[in-house]
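> Sharing a structure with you now.
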Amino acid sequence: LRSGLHRQHGKQGAGGGGGGAKGIYAKLTIAVVVLLICTLSLLFSATIGGNRGSLEPSEVSGSCKELGSDRLDFDPWLQELWESAKSSGWRPSSAPRSDWPPPPRETNGYLRVRCNGGLNQQRSAICNAVLAARIMNATLVLPELDANSFWHDESGFQGIYDVEHFIQTLKYDVQIVESIPEIRKNGKTKKIKGYQLRPPRDAPIEWYTTVALKKMQEHGAIYLTPFSHRLAEEIDNPEYQRLRCRVNYHALRFKPNIMQLSESIVDKLRAQGHFMSIHLRFEMDMLAFA
């Protein structure tokens with residue numbers, strides 16, 4: 001009985017080994033076929049590329065420009081695509097009106113914010129932070145930029161934007177400091193710690209003039225985090241919207257070295273004709289927002 005069991009087990013093992021060998025052979029065959037197809041595809045591409053490579057870059061560029069110009073001659077849609085957008089009666093409206101009062105010398109406290117999200121969301125949050133400071137009559141501390149994003153850039157506000165230009169441009173709108181100053185009390189130096197609050201998404205002005213302002217007056221400073229989309233976009237006050245525009249289009253200016261590099265890149269792109277750019281999202285769930 002024992003020898004019979006051994007023989008039966010040996011047959012099963014041999015059968016299983018044969019099946020395994022066949023499986024490996026099949027996989028190798030598929031791999032060879034795929035490799036052969038890829039090799040032929042590369043050879044075909046190289047042949048076409050070699051034929052195209054006989055043209056000089058100037059000839060290729062010239063042919064593309066000729067093709068583009070011919071296309072524009074009979075395609076009105078393409079011609080309209082590259083024209084400057086028409087204003088349709090709209091005009092810039094960022095300048096304050098004559099009755100816009102300057103900020104009071106005495107404020108209700110300090111406002112700190114942490115701007116999260118991508119650079120575009122952070123820029124929008126900076127505009128909202130200036131407006132929130134104006135609404136609460138607060139001294140704005142230079143906004144903090146989230147460094148835990150995809151690129152882990154710790155440049156901060158001072159490393160990206162022109163701080164002096166930012167403060168000077170908005171001096172008739174809000175008071176701005178680079179950091180909360182230390183105070184002396186009972187012979188001791190003490191730094192004010194902002195009371196941390198999480199603003200509701202698209203919070204109305206009333207939230208800032210009640211909940212946030214009350215905590216600011218109690219603690220001397222508040223720290224709003226996160227601060228992406230934390231102030232309602234639609235506000236029925238033209239002067240507040242103009243202030244947002246002043247921040248976005250006038251006060252926020254990149255540092256000179258960033259401006260020089262970006263202008264050099266754009267000039268090189270424009271030298272080759274029309275070009276288009278695309279916003280590549282970096283979130284892990286980016287397909288959900290595409």
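> Once label points are set 7 Å from the Cα along Cα→Cβ at both Val177 and Gln158, what is their separation, rounded to one decimal in nm?
Between Val177 and Gln158, the label points sit 1.5 nm apart.
> At 7 Å along Cα-to-Cβ for each site, give me the label-to-label distance between Val266 and His165 in nm.
Taking the simple label geometry, Val266 and His165 are separated by 1.2 nm.
> Could you compute the FRET efficiency for His279 and Arg105, with r as their C-beta to C-beta distance and R0 at 45 Å, rounded to 0.05?
0.60
> So, R0 is 25 Å and r is the distance between the beta-carbons of Arg201 and Gln241; what FRET efficiency does that work out to, to 0.05?
Result of the calculation: an efficiency of 0.80.
> I need the calculated FRET efficiency for the pair Lys193 and Ser84, taking r as the beta carbon distance and R₀ as 51 Å, to the nearest 0.05.
The formula returns an efficiency of 0.55 here.
> While we're on this one: How about the stretch 194-248: which trypsin sites (Lys or Arg not before Pro) there lie in a loop by DSSP and see at most 15 other Cβ atoms within 10 Å?
Counting only loop positions with at most 15 other Cβ atoms within 10 Å, the trypsin sites (Lys or Arg not before Pro) in the stretch 194-248 are Arg201.
> Next up: Tell me the GluC sites (Glu not before Pro) within the stretch 218-271 that lie in a loop according to DSSP and have at most 14 other beta-carbon atoms within 10 Å.
On the way: sites: Glu218, Glu233, Glu234, Glu239, Glu263; in loops: Glu233, Glu234.
Here the sparse-neighbourhood loop sites are Glu233, Glu234.
Bear in mind these aren't lab numbers, they're just calculated from the coordinates by the rules spelled out. Remember, predicted model here, so these are calculated numbers, not experimental data. Positions of Cβ are backbone-derived with ideal geometry, glycine not excepted, and every protein chain shown enters the neighbour counts.
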